[in-house]
Amino acid sequence: METLLLNAKNTADIETAANILKNGGLCAIPTETVYGLAANAFNAKACSNIFKAKGRPGDNPLIVHICDMDMLCDIVAEVPEKAKLLAEKFWPGPLTIIMKKSEKIPDVVSANLSTVAVRFPAHPAARKIIEAAKLPLAAPSANLSGSPSPTSFEHCVHDLAGRVEGIIDGGICEVGVESTIISFAGEKPVLLRPGYVTLEQLREAIGEVEVSHAVLEKLEEGEKVLSPGMKYKHYAPKAQVTLIKASSKDYIKFVNEHAAKGVFALCFDEEAEKLCVSTVCYGSEFSDEQQAEHIFEALRKIDESKAEKVYAHSPKITGVGLAVYNRLIRAAGFDVIEL
Ligand code: AMP
Ligand code: MG
């Protein structure tokens, strides 16, 4: 298939992207978190093509993107009070809310669950495309299943050229990790995936929020999960990654003691010059927001390098750091050394 390469700066290209979507096609679009691979959320055939293009397992549901609150009533059966509070506070923005789904949402979107994930993105291009299409858009991350989420146009072209009708360039994604996901499927709100909207902010807004144990821990074989995405070994680089929990000083000492051919350090900016192995940096030790912005780009760089063994310095697990840690521990296949 020929893939149209578009640019969000051109109004005509926004229209073209919207037309692709209205006609049942797929288009990768920028959002503030990561690029999404979008289709008309009401079109089951189009949404099933998302799974084909990405090689995504059919039991991993999609997030539906809206551009105003009126769109919600066609998507969800009801909006719980606390979900309303969160929407008022964090939408438009990088928060996905899971609620009971309406009949209009095809089963392929929700992977046969009775709930649907909804997000109102803040990115101007994403909003313009949804407005122009006049449709809610189902959109998971626009990467091939199993590779890091795409945070640039180039990443999308690398993964999806020839597999989708269009890819629209909206520059670099500022947040860099996928949205925070909170579920209202059960009695208590549960954090299913940490992101830029932090657990601390959610608790401040609505009080008690449980944390799904899949956020920090490995799932047992065959364990039933609230968020199917959590059970897949996402973001796994070709090299073997070990996450090192240590102070900067101890991390540097450990890595230098283990220096060998093919050994890489996935480290903070401040550490690179003190390490005697090849390094890929993912932001300053002192900015969890910077770490989130750069982590997927860094993982792609590792894949393009000659790395065989990677020692990644663990971020802190507070604030946005929890989101970075959640992605890195999966990249490491839960292999952690605590010094
Ligand atoms: P992606 O945008 O590629 O990160 O994929 C969407 C994420 O949202 C996956 O991790 C899904 O498991 C999660 N998700 C989507 N819909 C639901 C739902 N109804 N219940 C729980 N998790 C969901
Ligand atoms: Mg994804």
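Values as computed for the structure displayed
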item	result
Which listed residue, of Ser141, Ser102, Ser147, is within 16 Å of ligand 2 (Cβ to nearest atom) and over 20 Å from Asn7 (Cα atoms)	Ser147
For Ser145: the one exception among (1) on the phi > 0 side of the Ramachandran plot; (2) modelled with pLDDT under 95	(1)
Of residues in the range 180-198 being touching a Gly at 6+ places or on another chain (Cβ under 9 Å) and β-branched (Val, Ile, Thr), the one farthest from ligand 2 (Cβ to nearest atom)	Thr198
Selected residue (only one of Ala331, Ala307 is under 19 Å from Pro194 (Cβ atoms) and either small (Gly, Ala, Ser) or buried (at least 23 other Cβ atoms within 10 Å of the Cβ) (or both))	Ala331
Enumeration of residues in the range 21-41 that are surrounded by fewer than 24 Cβ atoms within 10 Å (Cβ to Cβ) and more than 16 Å from ligand 2 (Cβ to nearest atom)	Lys22, Asn23, Gly24, Gly25, Asn40
Those residues of the range 185-202 which are over 17 Å from Asp288 (Cβ atoms) and free of Cβ contacts under 8 Å to residues at least 60 places away in the same chain, in sequence order	Gly186, Glu187, Lys188, Val190
Within the range 299-321, tally of residues that are touching a Leu at 6+ places or on another chain (Cβ under 6 Å) and either aromatic (Phe, Trp, Tyr) or not in a strand (DSSP E or B) (or both)	1
Test: residue in the range 76-84 that is in a strand (DSSP E or B), more than 16 Å from ligand 2 (Cβ to nearest atom) and surrounded by 21 or more Cβ atoms within 10 Å (Cβ to Cβ)	yes
Residue count, the range 5-28 (criterion: closer than 27 Å to Gly58 by Cβ and in contact with a Pro (Cβ under 9 Å, 6 or more places away or on another chain))	1
Subset of the range 95-122 that is within 9 Å of ligand 1 (Cβ to nearest atom) and in a loop (DSSP other than H, G, I, E, B) - its residue that is surrounded by the fewest Cβ atoms within 10 Å (Cβ to Cβ)	Ser114
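The values are calculated or read from the model by the stated rules, or taken from the named source; none is laboratory data. The model shown is predicted, which means the values in this text are computed figures rather than measured ones. Every residue, glycine as well, gets a Cβ built from its backbone with ideal geometry; the counts of neighbours run over all protein chains shown.
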